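This report concerns only the one structure given below.
The values are calculated or read from the model by the stated rules, or taken from the named source; none is laboratory data. This one's a predicted model, so the numbers in the text were calculated from it and none came from an experiment. When we count neighbours, we look across all protein chains shown, and the Cβ atoms used for this are built from the backbone with ideal geometry, even at glycine.
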Amino acid sequence: MAKKKFSKEYLEKTDKMLRQSMYDEPGAQDWTQISLSIRDAMLAAATVFGSPTTDEQKDKLHALLTELTVGHALQNLTKYDITVTPKED
């Protein structure tokens, strides 16, 4: 299978977007910081990479879930005073 080729402009824009989002640099969209849930991230990973079928793929997806929850979500919950309440109908 031939490697997919990408334009330099596309790669530069992608690198900037990923860096801004991952490292909370100025210019990052606010929605990337607040509206993506862990479930959304896991569904996106499954959409992009496919549902895990091998033990290795399941292990990698589990590692991603662990990193998202323990490495990031729990740190943010202990770092900020966040209150979540359900909407009233």
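For region 25-72, which residues satisfy the criterion of being on the phi > 0 side of the Ramachandran plot and either at pLDDT 80 or above or part of a helix (DSSP H, G or I) (or both)?
As a first pass, look at region 25-72 and keep what is on the phi > 0 side of the Ramachandran plot: 27, 50.
Within region 25-72, just Gly50 meets the criteria.
Return the residue satisfying two criteria in turn: it lies in region 73-89 and is hydrophobic (A, V, I, L, M, F, W, C) and not in a helix (DSSP H, G or I), and of such residues it is surrounded by the fewest Cβ atoms within 10 Å (Cβ to Cβ).
At the first step, the residues of region 73-89 found to be hydrophobic (A, V, I, L, M, F, W, C) are 73-74, 77, 82, 84.
Those still in the list that are not in a helix (DSSP H, G or I) too: 82, 84.
On the way: Ile82: 8, Val84: 5.
This residue is Val84.
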